[in-house]
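Here, each number is a calculation from the coordinates, and none is a lab measurement. If you're wondering where the values come from, they're calculated on a predicted model, not measured in any experiment. Cβ atoms come from the backbone with ideal geometry, glycine included; neighbour counts cover every protein chain shown.
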Amino acid sequence: MKFFLDTANVDEIKRINELGLVDGVTTNPTIISKEGRNFKEVIIEICELVEGPVSAEVIALDTEGMLKEARDIAKWAENVVVKIPMTEAGLKAVHILSKENIQTNVTLVFTVAQGLMAAKAGATFISPFVGRLDDIGTDSLALIKNLRNVLDQYGYSTEIIAASIRNLKHVEEVAELGADIATIPGSIFPKLWSHPLTDAGIAAFMKDWENFTK
Ligand code: E4P
């Protein structure tokens with residue numbers, strides 16, 4: 001299972017990357033806006049920090065605009081991936097970009113049909129949004145499971161990035177269901193290696209050792 005960091009915060013990326021846990025990074029316009037930095041500069045900095053794919057999203061909503069932005073973004077770094085929204089215009093752009101060997105991540109996927117369309121158009125990655133489906137009371141885990149089955153059944157190499165991850169349980173569940181990647185916010189990542197019983201156990205061992213060596 002691969003882990004991406006769902007952030008544009010360079011300090012978060014550096015911290016978790018030092019543990020050897022970061023296989024890539026995803027961003028979106030909201031995530032970029034939180035950093036208050038120049039889009040291109042921050043993406044280039046992240047691409048230098050991380051060896052794996054770094055997603056940078058287009059803003060245009062029409063195919064021509066998406067292609068113009070995508071071809072520019074693709075020149076920023078070798079490991080940059082262009083994130084494209086799941087629309088008709090987006091599918092057309094993905095199809096053209098795939099023929100130009102530009103890697104794409106189709107975002108805002110909420111159904112198996114959308115994921116299948118994106119894979120067929122030539123997407124390198126698709127991003128089904130787990131948390132946002134949970135928010136509206138839809139079974140997000142069924143989506144991951146069914147996407148896995150459908151892509152495998154028809155032999156698509158498109159990778160599933162489970163996105164909109166909100167808690168530790170989400171990560172465990174999408175891992176069990178066979179998502180290729182979970183993209184995890186910096187605030188959630190430390191929860192993957194922490195447990196209160198680990199902390200309590202360390203404290204008890206330290207106390208007992210202190211009493212023993214007094
Ligand atoms: C990543 O590719 C997505 O843009 C991100 O996971 C969305 O997360 P959110 O639903 O918490 O905004």
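Summary table
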{"read-out": "Point-charge dipole on Cβ atoms (K/R +1, D/E -1) for segment 2-212, about Cα centre, debye to 20", "value": "420 debye"}
{"read-out": "Length-normalised contact order of the chain in % [C-alpha pairs under 8 Å, at least 6 apart]", "value": "17 percent"}
{"read-out": "Sequence ranges 133-141, 26-34, ranked by mean other-Cβ count within 10 angstrom, highest first", "value": "26-34, 133-141"}
{"read-out": "Amide H partners (placed H, <5 Å) of Glu159, local residues excluded", "value": "Phe125, Ile126"}
{"read-out": "Derived scalar couplings ³J(HN,Hα) [segment 74-80; Karplus, 6.51 cos²θ - 1.76 cosθ + 1.60; whole Hz; x for Gly, Pro]", "value": "4, 7, 5, 6, 5, 9, 7"}
{"read-out": "Ranked by how many other beta carbons lie within 10 Å on average, peptides 96-102, 52-58 from highest", "value": "52-58, 96-102"}
{"read-out": "Partners for Lys40 among aspartates and glutamates (Cα-Cα distance below 16 Å; same-chain residues under 8 apart left out)", "value": "Glu48, Glu57, Glu69, Asp72, Glu78"}
{"read-out": "Segment Gln153-Ile44, length gained on full extension (0.36 nm per residue, minus Cα span)", "value": "35.6 nm"}
{"read-out": "Relative packing of peptides 157-167, 194-204 - highest average C-beta neighbours within 10 Å first", "value": "157-167, 194-204"}
{"read-out": "Linear extension gain, Ala175 paired with Leu61, 0.36 nm per residue minus alpha-carbon span", "value": "37.8 nm"}
{"read-out": "Fully extended contour minus Cα-Cα distance, from Asp199 to Thr30, at 0.36 nm per residue", "value": "57.4 nm"}
{"read-out": "Nonlocal amide H pairs with Met86, under 5 Å, H built at 1.01 Å", "value": "Thr107"}
{"read-out": "Distance from segment 116-178 to segment 38-100 (C-alpha centre basis), Å", "value": "20 Å"}
{"read-out": "Selection from Ser98, Pro53, Ile181 lying farthest towards where the dipole of segment 2-212 points positive, charges on Cβ", "value": "Ser98"}
{"read-out": "Restraint check, Lys169/Lys191; Lys14/Lys191; Lys99/Lys145; Lys2/Lys191, Cα-Cα greater than 20 Å", "value": "Lys99/Lys145"}
{"read-out": "10 Å Cβ shell holding at most 11 others, DSSP loop, chymotrypsin sites (Phe, Trp or Tyr not before Pro): longest site-free stretch of the chain", "value": "1-153"}
{"read-out": "For Ile184, residues with placed amide H under 5 Å, excluding near neighbours", "value": "Phe4, Leu5, Asp6"}
{"read-out": "Highest-MSF residue in the chain out of Arg148, Arg15, Arg132 [GNM, Cα springs under 10 Å]", "value": "Arg15"}
